[in-house]
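This report concerns only the one structure given below.
The values are calculated or read from the model by the stated rules, or taken from the named source; none is laboratory data. Just so it is clear, the model here is predicted, and its values are computed rather than measured. Every residue, glycine among them, receives a Cβ derived from its backbone with ideal geometry; neighbour counts consider all protein chains shown.
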Amino acid sequence: MSRRLLYILLVLVVTASVSSCKSCSNSDDLSQDLVVPDSIAFNDPVPVLGETVIEEMMQNIASPVETAALIKGLKVPFNKDFLLTTKASEKFNTSFEKSLALGIYGCDLGYLNMYEKSSFVIDYIQVIKRLADDIQVGQFFDFSTLKRLATNNENLDSLVTISQQSFSRIDNYLRESNRPMLSAVIVAGLWVEGSYLTTRVAQVSNHKRIRETLGEQKTILIFLLKVLKVYEKDPSMAKFLTDIEKVKALYDDVKITYEVGEPEMVEEDGVIVFKQTDKQIVEMSDETYQKIIDSIQKLRADLTKF
């Protein structure tokens, strides 16, 4: 499956709605027209991120599906307390905050969907749709087509493809409306919540893979910060960068090395393919590990309380 965050976010919204909205009789509640309270616009030209940069950003940050799959794969029981309550969505007022929340709730939806908690999913779908409408991108969620594909159990690649097209329209619209920063903010929200969920699991599981996953965020965070700093002149982004840089500072004590392996020839669906066997080795002290857990949890707490 593609690791493009926003594409997967769109797929999550649809697949979750298919699994739990069949009993929902009033679908109009998910498509109300809402008023945008403000708009993040840039009077001065800002650098436009090229497709290659955006693609690399998407590929280097684990999707909500991967984060949730890792947690469930470790036999960690579902815990609703890990998630941001939908009631908190009312506290996000500006477009910056709503975009950040869209990423956070998108990640939480992935967690809920992985554990098949359909009783909670409806509320999260409604919040995501409302936030998307508030920043004027809700119209780009192609629910009808995606729901048809999911309902008919068609190839997941089709869902991803349609989702890619949806994100492309969202990204283009945000640029045309002079709000390119919001795409990056949504991705940042996904990263924050995905990392936060990992830290919560780390507190109940000493599994090596959780420790490695948290350490691997060093590489991801370095790249994400480079993208976010394009918009550092914006006051909201400047404050966010100050907060997230505190987390980045702790990762300076994390050492990541790579071990090159020989490609392996395997057969998949009757076709011979080569798979890389390179390994990534993460090293950090117990003290650094705990500090990173604490800093990510503080970051998430600061971003979700107003």
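Checking the condition touching a Phe, Trp or Tyr at 6+ places or on another chain (Cβ under 7 Å), at pLDDT 85 or above and basic (K, R), which residue from K87, K91, K117, K72 passes?
Details: K87 fails: touching a Phe, Trp or Tyr at 6+ places or on another chain (Cβ under 7 Å); K117 fails: at pLDDT 85 or above; K72 fails: at pLDDT 85 or above.
Sole residue among the options that is touching a Phe, Trp or Tyr at 6+ places or on another chain (Cβ under 7 Å), at pLDDT 85 or above and basic (K, R): K91.
Failed condition for N206, given (1) touching a Gly at 6+ places or on another chain (Cβ under 9 Å); (2) free of Cβ contacts under 8 Å to residues at least 12 places away in the same chain, with all others met?
Condition (1) is where N206 drops out.
Across the range 174-219, which residue is surrounded by the fewest Cβ atoms within 10 Å (Cβ to Cβ) among those that are hydroxyl-bearing (S, T, Y), more than 21 Å from L303 (Cα to Cα) and under 18 Å from the mean Cα position of the chain (by Cα)? Don't jump to the end; show me each part of the working.
Step one: list which residues in the range 174-219 are hydroxyl-bearing (S, T, Y), which gives 177, 183, 195-196, 198-199, 205, 213, 219.
Filter once more, keeping what is more than 21 Å from L303 (Cα to Cα): 177, 205, 213, 219.
Still in the list and also under 18 Å from the mean Cα position of the chain (by Cα): 213, 219.
Values: T213: 21, T219: 15.
So, considering only residues that are hydroxyl-bearing (S, T, Y), more than 21 Å from L303 (Cα to Cα) and under 18 Å from the mean Cα position of the chain (by Cα), the one surrounded by the fewest Cβ atoms within 10 Å (Cβ to Cβ) is T219.
Would you confirm whether any residue within the range 250-261 is of a type outside the set (S, T, N, Q), within 30 Å of K98 (Cα to Cα) and either in contact (Cβ under 8 Å) with a residue 40 or more places away in the chain or surrounded by 12 or more Cβ atoms within 10 Å (Cβ to Cβ) (or both)?
yes
With K75, K87, K98 as the choices, which residue is more than 19 Å from the chain's Cα centre (by Cα) and not in a loop (DSSP other than H, G, I, E, B)?
K87 is the lone residue from the list that is more than 19 Å from the chain's Cα centre (by Cα) and not in a loop (DSSP other than H, G, I, E, B).
Somewhere in the range 254-265, is a residue within 27 Å of I104 (Cα to Cα) and either modelled with pLDDT of 95 or more or of a type in the set (D, E, K, R) (or both)?
Taking every residue of the range 254-265 in turn, at least one turns out to be within 27 Å of I104 (Cα to Cα) and either modelled with pLDDT of 95 or more or of a type in the set (D, E, K, R) (or both).
Show the residue pairs that are 6+ apart or on different chains and have beta-carbon atoms under 8 Å apart, the first residue being within the range 180-199 and free of Cβ contacts under 8 Å to residues at least 40 places away in the same chain, the second being buried (at least 24 other Cβ atoms within 10 Å of the Cβ) and in a helix (DSSP H, G or I).
none
In the range 123-146, what count of residues is obtained for those that are at pLDDT 75 or above, acidic (D, E) and surrounded by fewer than 22 Cβ atoms within 10 Å (Cβ to Cβ)?
2
Residue by residue, here is whether (1) under 16 Å from Y289 (Cα atoms); (2) in a helix (DSSP H, G or I); (3) at pLDDT below 90; (4) among the small types (G, A, S) holds:
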site: V192; (1), (2), (3), (4): no, yes, no, no
site: L224; (1), (2), (3), (4): no, yes, yes, no
site: A238; (1), (2), (3), (4): no, yes, no, yes
site: I244; (1), (2), (3), (4): no, yes, no, no
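Let's see how each residue does on (1) touching a helix residue (DSSP H, G or I) at 6+ places or on another chain (Cβ under 7 Å); (2) at pLDDT 85 or above; (3) closer than 30 Å to E287 by Cβ; (4) not in a helix (DSSP H, G or I):
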site	(1), (2), (3), (4)
V121	yes, no, no, no
R148	no, no, no, no
V160	yes, no, no, no
R169	yes, no, no, no
L197	yes, yes, yes, no
R200	yes, yes, yes, no
